[in-house]
Amino acid sequence: ANIICRLYDVTSGVVLVDGEDIRNYNIKHLRQSIGYVPQDVFLFSDTIGNNIGFGNGAVELEQIIQAARDSDLYHNVSQFPEGFETVLGERGITLSGGQKQRVSIARAIIREPKILILDDSLSAVDTKTENTILGNLQRIMKDCTTMIISHRVSSAKLADHILVLDGGQIIEQGTEEDLLAKNGVYRELYEKQLQVDELA
């Protein structure tokens, strides 16, 4: 994720975007085309609306509302007396972990990015909310390349191609159908997490 955002460059090999070395792109334009939801969410002591619109220039309230709906946040915000004008405490202390993540997702998708990176960004939400958000993201993902980094197999189900990592090494890869048929690590994770979800 950091390499795609060019926070640092590879020391060997090459990263290609549309067949072009990522280092050949103008870094400002590259970053403007990326919606990145980091694992560690950072929110400002500002309104919820301004946190969603941050870094996106002038955005209309309708765009903020749609991004909040897509990230399954709208219902929560509408229950605050001040709605989108609710001012958050330092680092978003007013919100739960899951709500913070959903503000961060809304901030990324309001950009209408060409590349969307979700770095374990659904870890603090329950499975039902995760499924709602992933369902909403399907429409957005049609027009952009999406990378989902997750320890939950449920987040990977929308992927065209899945990489299973262990200790920084790719140990399995393919479609979900391929990986389930292999009876390997992915299938084991899938069955364990399915059991946990059923118990919940």
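Checked against (1) at positive phi; (2) free of Cβ contacts under 8 Å to residues at least 40 places away in the same chain, Ser96 meets all criteria but (1).
Residue count for segment 94-123 satisfying the condition of being in contact with an Asp or Glu (Cβ under 9 Å, 6 or more places away or on another chain), assigned to a helix (DSSP H, G or I) and within 18 Å of His29 (Cα to Cα): 1. When segment 124-140 is filtered for residues that are surrounded by fewer than 17 Cβ atoms within 10 Å (Cβ to Cβ), of a type in the set (D, E, K, R) and either in contact with a Gly (Cβ under 8 Å, 6 or more places away or on another chain) or farther than 30 Å from His29 by Cβ (or both), the ones remaining, listed by number, are Asp126, Lys128.
Yes or no: segment 2-25 includes at least one residue that is open to solvent by 30 Å² or more (accessible area, probe 1.4 Å), modelled with pLDDT under 90, within 13 Å of Ile117 (Cα to Cα) and not polar (S, T, N, Q). Checked segment 2-25: no residue is open to solvent by 30 Å² or more (accessible area, probe 1.4 Å), modelled with pLDDT under 90, within 13 Å of Ile117 (Cα to Cα) and not polar (S, T, N, Q). The condition (being among the small types (Gly, Ala, Ser) and crowded, with 17+ Cβ neighbours inside 10 Å) is satisfied by just one residue among Ala159, Ala108: Ala108. For segment 27-69, the set of residues classified as touching a helix residue (DSSP H, G or I) at 6+ places or on another chain (Cβ under 7 Å), of a type in the set (Gly, Ala, Ser) and outside any helix (DSSP H, G or I) consists of Gly35, Ser45, listed by residue number. Note on segment 70-93: residues that are assigned to a loop (DSSP other than H, G, I, E, B) and either of a type in the set (Asp, Glu) or on the phi > 0 side of the Ramachandran plot (or both) amount to 2.
When segment 174-197 is filtered for residues that are of a type in the set (S, T, N, Q) and in contact with a helix residue (DSSP H, G or I) (Cβ under 8 Å, 6 or more places away or on another chain), only Gln193 remains. Considering segment 1-31, the residues that are within 30 Å of Ser96 (Cβ to Cβ) and in contact (Cβ under 8 Å) with a residue 24 or more places away in the chain include one that is nearest to the chain's Cα centre (by Cα), namely Ala1. Going by what's in this entry, would Arg69 be described as surrounded by 11 or more Cβ atoms within 10 Å (Cβ to Cβ), farther than 24 Å from Lys157 by Cβ and over 13 Å from the mean Cα position of the chain (by Cα)? Answer is no for this residue.
Taking the conditions exactly as written (touching a helix residue (DSSP H, G or I) at 6+ places or on another chain (Cβ under 7 Å), in contact (Cβ under 8 Å) with a residue 60 or more places away in the chain, within 20 Å of Leu116 (Cβ to Cβ) and open to solvent by 60 Å² or more (accessible area, probe 1.4 Å)), does Tyr74 satisfy them or not? Spelling it out, it is not the case that Tyr74 is touching a helix residue (DSSP H, G or I) at 6+ places or on another chain (Cβ under 7 Å), in contact (Cβ under 8 Å) with a residue 60 or more places away in the chain, within 20 Å of Leu116 (Cβ to Cβ) and open to solvent by 60 Å² or more (accessible area, probe 1.4 Å).
The values are calculated or read from the model by the stated rules, or taken from the named source; none is laboratory data. Keep in mind that this is a model prediction, so the values were computed, not measured. Cβ sites come from the backbone with ideal geometry, for glycine too, and all protein chains shown count toward neighbours. Calculation scope for accessible area: heavy atoms of the full protein, side chains included, ligands and nucleic acids excluded. Shrake-Rupley method; radii C 1.70, N 1.55, O 1.52, S 1.80 Å.
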